Amino acid sequence: MKLPENSLFGILMRARWWVSALVALAVFGLARLLLPEGLALFAALPFGVIACVVAWREIRRPRGARLDKALAALREMAWEEFADAVQSAYREAGFAVKRIDGAADFELEKSGQVTLLSARRWKAAVTGVEPLKELAAARDRRGAGECLYASAGGMTDKARAFCAEHKMKVVEGEELVQLVRSAR
């Protein structure tokens, strides 16, 4: 189940855990002025649950040294293992996934929208503009709507500017670790 992006609960799921905890306390305090304690607690319960879910996600999220270690583990994976994990993760997210050859490694399709994903150079320490130009050309040739580029390393400033200019999304760092972790 996916929450609407602009709903109160959707916004709280993207915020830090303590924001939901404060909302739960505020709702409880305001409801307590008008309602018995049990009903006030019931009114604040959804916000408390959201605070717990978001806190659990934050605890599990790799950061700092844990993120560096997780990215190093990704770089040690063989291509087939990494590709299988990426393919499984996108299938679980509801995409039809097809491996292709060329500048892109995967064609992702969901609700008629085609996205190309380039992941073969995920180990590169620094990505320059050239593979991104190839991916943009492949998008144009195949008529895809979007492009994704997976990277466990860094990108040059020119590469980031190229991605922004050509509306390409980079799956990197924490997002890449979470993607591969979800498939395992």
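None of the figures in this text is laboratory data; all of them are computed from the coordinates on show. The structure presented is a predicted model; accordingly, all values stated were derived computationally and were not measured. Neighbour counts run over all protein chains shown; Cβ positions are idealised from the backbone, glycine included.
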Check: Hey, what do the phi angles of the stretch 116-127 turn into as Karplus ³J(HN,Hα) couplings, whole Hz, using 6.51/-1.76/1.60 and θ = phi - 60°, x for Gly and Pro?
Finding: 9, 10, 9, 10, 4, 9, 4, 7, 4, 5, 9, 9
Next item on the list: Quick one: what are the phi-derived ³J(HN,Hα) couplings along the stretch 145-157, Karplus 6.51/-1.76/1.60 with θ = phi - 60°, whole Hz, x for glycine and proline?
Entry: x, 9, 10, 10, 10, 8, 8, 9, x, x, 9, 6, 4
Item checked: Quarter of the Cα convex hull surface for the stretch 78-183, i.e. its orientation-mean projected area (nm²) -> 6.1 nm²
Next item on the list: For each of ASP157, ASP105, count neighbouring Cβ atoms within 10 Å of the residue's Cβ, then give the residues from fewest to most.
Entry: ASP157, ASP105
Note to self: Over 5 Å intervals from 0, what percent of Cα-Cα pairs in the chain sits in each interval?
What the structure shows: 1, 8, 13, 15, 15, 14, 11, 8, 6, 5, 4, 2, 1, 0
Next item on the list: As a check on your grasp of the helix formula, calculate [θ] at 222 nm for the chain: sum -39500 (n - 2.57) over DSSP H runs of n ≥ 4, divide by the residue count, round to the nearest 500.
Entry: -19000 deg cm²/dmol
Next item on the list: Give the order of LEU117, LEU67 when sorted by the count of other beta carbons within 10 angstrom, beginning with the fewest.
Entry: LEU67, LEU117
Margin query: Take ASP84 and LYS123, extend 7 Å from each Cα along the Cα→Cβ direction, and tell me the distance between the two endpoints in nm.
Written below: 1.7 nm
Checklist line | Charge dipole magnitude, Cβ of K and R +1, D and E -1 - the stretch 91-184, Cα centre, debye nearest 20 | finding: 180 debye
Check: Taking only C-alpha pairs under 8 Å that are 6+ residues apart, what is the relative contact order of the chain in percent?
Finding: 17 percent
